[in-house]
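> One structure, pasted below without further comment.
The values are calculated or read from the model by the stated rules, or taken from the named source; none is laboratory data. Given the structure is predicted, the values throughout are model-derived calculations rather than measurements. Positions of Cβ are generated from backbone atoms using ideal geometry, with glycine treated the same way; all protein chains shown enter the neighbour counts. The protein model used for the area step is the full one, side chains on, heavy atoms only, and it has no ligands, DNA or RNA in it. Shrake-Rupley method; radii C 1.70, N 1.55, O 1.52, S 1.80 Å.
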Amino acid sequence: MDPTLDEIDLDTVRLGRTGLRTNEFQLGTWRFGRVTEAGNVEIDEARAHELLDGYEAAGGRYIDTADVYGGGDCERWIGDWLAERDRERYTIASKVYWQIRDGDPNSRGTNRKNVRHRVDALLDRLDTDYLDVLYIHRWDDETPARELMKTLNGLVESGKVHYLGASTLRPNAWKVARANEIARSEGWEPFNVLQPRYNLVDREIEGEYLEFARQQNLAVSPWSPLGQGFLTGKYDRDEDLPEESKAAESSRFQEAYLTAENFDLHDELDAVAEEVDATPAQTALAWLAHRDGVTAPIVGARTTAQLAENLAAASIDLSDEQVDRLTAAKSGPYDGL
Ligand SMILES: NC(=O)c1ccc[n+]([C@@H]2O[C@H](COP(=O)([O-])OP(=O)(O)OC[C@H]3O[C@@H](n4cnc5c(N)ncnc54)[C@H](OP(=O)(O)O)[C@@H]3O)[C@@H](O)[C@H]2O)c1
């Protein structure tokens, strides 16, 4: 039987080459206040606070958000929750990039005007003086890397932000490398944290991107570690989609995840899960946490029961042979490790 949230005691690890420590699993809040294609709020304020309480009970102190989650409600709800606590004990990461005003191209991307305004606005919503990690949510090709790095460095110098991160897709590893080179030559703060999509199904970052992170000792916090729920065993190749799952409402999810190749991979996941007496979700999270170069996956959950199941993955040990079998269960770009 899985431990309850207060029986879990999450460990901490170094956030890459920084002096900061993060929990081995970070809490994802993307679904707080998110409105689904069917028009329902996926996680409301009361549930959001329950999830934050549950994560805290398990020893979790690292919360990942973004300024667009729930149209700003997500940060507001985190801010309300934090207001009753000692802010210093928590590490909050947020992100800026996506357009926020119709018809205003400057309200998108990482130009100086937008970044400065967005950081002030998110600090206001979080009701805090500083952010621990500021990510660019995506790479903006219209803003020169020098403008971006100088702006971000200014935020670090002013004390509004402690560390910088890039939530980017695989083809952008060289852009992060180039931006960090500019920062290094100017004595500015570089990106120290990467946030890519990575899970047993989505393997795009294997190869160059992950190798770059390893070489530079950059922290890697993978998002969608369970393939938006696909790797939890709740989908069956021959059956109707489970009604309670919100992801199943999305046609994009169905096309990307519910494929014959991915179900074959799931068969191997089920086999390893049985060997280690764990659930498929726990086994998929343990595989990710065991990958060389991965620092701390960002765990998403819609209920506290899911959260408890997922965080219990911290105590699951996989053998090298089991990790290798899972790695090989899907053809894709491998990093040879
Ligand atoms: N940087 C970026 O661009 C980016 C993008 C996406 C996410 N993120 C971050 O990464 C976090 C995690 O992403 P994600 O939500 O996609 O993670 P995920 O772990 O891949 O999927 C989470 C979803 O899977 C289902 N699930 C989770 N645990 C389960 C369990 N034990 N049993 C059954 N179903 C379970 C739940 O949805 P259902 O119950 O509805 O199926 C849950 O909402 C986000 O909250 C956000 O902080 C960042």
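> Is it the case that some residue within the range 170-186 is within 30 Å of ALA278 (Cβ to Cβ) and either surrounded by fewer than 24 Cβ atoms within 10 Å (Cβ to Cβ) or out of contact with any Pro (no Cβ under 6 Å at 6 or more places or on another chain) (or both)?
yes
> Does the range 190-209 include one or more residues that are over 27 Å from LYS150 (Cβ atoms), more than 17 Å from the chain's Cα centre (by Cα) and touching a residue at least 60 places away in the same chain (Cβ under 8 Å)?
Checking the range 190-209: at least one residue is over 27 Å from LYS150 (Cβ atoms), more than 17 Å from the chain's Cα centre (by Cα) and touching a residue at least 60 places away in the same chain (Cβ under 8 Å).
> Now a separate question. Please determine whether any residue of the range 195-207 is closer than 26 Å to ASN153 by Cβ and open to solvent by 10 Å² or more (accessible area, probe 1.4 Å).
No, that holds for no residue.
> Determine the pairs where a residue that is farther than 20 Å from PHE25 by Cα, located within the range 262-289, has a partner that is open to solvent by 40 Å² or more (accessible area, probe 1.4 Å) and in a helix (DSSP H, G or I) with Cβ atoms under 7 Å apart, the partner being 6 or more residues away or on another chain.
GLU268/ARG325; VAL272/ARG325
> So ALA58 fits all but one of (1) surrounded by 17 or more Cβ atoms within 10 Å (Cβ to Cβ); (2) under 30 Å from ARG116 (Cα atoms); what number is the exception?
(2)
> From the set of residues in the range 281-293 that are surrounded by fewer than 21 Cβ atoms within 10 Å (Cβ to Cβ) and more than 16 Å from the chain's Cα centre (by Cα), which is farthest from the ligand (Cβ to nearest atom)?
It comes out as ASP292.
> Another question, then. For the subset of the range 247-272 comprising residues that are within 12 Å of the ligand (Cβ to nearest atom) and open to solvent by less than 50 Å² (accessible area, probe 1.4 Å), which member is modelled with the highest pLDDT?
TYR257
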